[in-house]
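The values are calculated or read from the model by the stated rules, or taken from the named source; none is laboratory data. Source: prediction; values computed, not measured. Note: ideal-geometry Cβ built from the backbone for every residue, glycine included; neighbour counts use all protein chains shown. Quick note on the areas: whole protein, heavy atoms, side chains included, nothing else; ligands and nucleic acids left out. Shrake-Rupley method; radii C 1.70, N 1.55, O 1.52, S 1.80 Å.
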Amino acid sequence: MSARSSLQSHVEKFLVERHRLGFSGRNDGSTLRSFARHVRAGGYRGPLTVEVMADWARRDSHNSSDPHTWARRLKKLRTFLRWLQQFEPRTEVPDDAIFGRLPARQAPHIYSQQEIVDLLAAARRLGPVAGLRGVVFETLFGLIASTGLRIGEALSLRNLDVDLKAGMLSLHQTKFGKSRQVPMHPSTVDALRRYRRARDRTGESAAEDAPFFIGTRGRRRGLPLGDRQVHRVFGELRRQLGWRNRGTHHAPRIHDLRHTFVVRRILEWQATGVDIDQAMLSLSTYVGHAMVTNTYWYLSAVPELMALAAGRFESFMSHAEAEDA
């Protein structure tokens, strides 16, 4: 590429086009801007090569030594790089040969009930003692755990999206460009009500278009709570709590609260005799999956549900053998 500064402009143009097509772009933006900063800082000249990309991929924020982690980072660049080739034909696009082929999806960490209780208690203790910070994070993590929201969906909520009378959340143009309404359990509504009273007492904006979850420090006070800040705080709490990682990611993640919600719901249905096939579509709609197959994935990928999947297969085979007899 003739001018390194132009890479950043191409990134921004690409993100605008993706947004017009209905993609949220939150994660894409963070990844591509990181790559553009790396290219600029390294003073690279000429076309973008897989060597430059591989060097960036190895420098993830967790200092990982796992080639699968690096491969996932490279994979996030591919759509942009193919798009960039129309302007810079010599741009290379990385393939699986660099760090090896990725497994289809990694198994999540499924939180125990006690781990979630401990997380919320630790968040509540975040200082200052008389401040709002602990309440913000306790409520945010509790909402994700009790509804299965994506972190971006929770952080984008405005006051008008949280109907505490009807017990309903309204989510707009989320992942895959979808919008949906999410009913909440009465205990979740009560927790949100307590949070909003505490927040409003501090004098923060109660206007309908104001953010529901807010920053509480410095220049971020009263502004929408930031994704990076939330992950940083979660990382601190994770280290403090010392969980043993039962997933295949680098460590338990905020997103695993969403996975836990789905798994616990399926397990509860199994325990109470609910027809899981009949209920799967409603669960898929509730959590905002693009396809119901994304919800069925848990049956074969999560240890807690593999026994359920095996039992369903045995039942199917027994029925098939009986018909053939």
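Figures for the structure shown
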{"quantity": "Theoretical FRET efficiency, 1/(1+(r/R0)^6), r = Cβ-Cβ of Glu88 and Arg37, R0 22 Å, to 0.05", "calculated": "0.75"}
{"quantity": "Global form of the chain, assessed from the alpha-carbon gyration tensor, a/c cut-off 1.5", "calculated": "oblate"}
{"quantity": "Difference of contour (0.36 nm per residue) and Cα-Cα distance, Leu241 to Arg228", "calculated": "2.7 nm"}
{"quantity": "Tensor-based shape of the range 163-243 (alpha-carbon gyration tensor, a/c under 1.5 rounded, otherwise prolate or oblate)", "calculated": "rounded"}
{"quantity": "Size of charge dipole - the range 244-308 - debye, nearest 20, with Cβ of Lys, Arg +1 and Asp, Glu -1, no other charges", "calculated": "340"}
{"quantity": "Most positive-pole-ward Cα, Gly100, Leu267, Leu241, against dipole of the chain from beta carbon charges", "calculated": "Leu241"}
{"quantity": "Spacing of the two label points (7 Å from each Cα toward its C-beta) at Arg201 and Lys178, in nm", "calculated": "3.9"}
{"quantity": "Length gained when the stretch Arg78-Ala166 is fully extended (0.36 nm per residue, less Cα-Cα span)", "calculated": "27.4 nm"}
{"quantity": "Net length gained if the chain between His185 and Ser6 were fully extended (0.36 nm per residue, minus Cα distance)", "calculated": "59.5 nm"}
{"quantity": "Of all accessible heavy-atom area on the chain, the percent that carbon and sulfur account for (1.4 Å)", "calculated": "52"}
{"quantity": "In the chain, lysine pairs with alpha-carbon atoms under 25 angstrom apart (chain gap of 8 or more, or interchain)", "calculated": "9"}
{"quantity": "Ala271 versus Ala121: modelled label distance in nm, points set 7 Å from Cα along the beta carbon direction", "calculated": "2.1"}
{"quantity": "Local net charge near Arg197, Cβ-Cβ under 12 Å (Lys/Arg +1, Asp/Glu -1)", "calculated": "+2"}
{"quantity": "CD proxy at 222 nm, helix term only [per DSSP H run n ≥ 4: -39500 (n - 2.57); per residue of the chain; nearest 500]", "calculated": "-17500 deg cm²/dmol"}
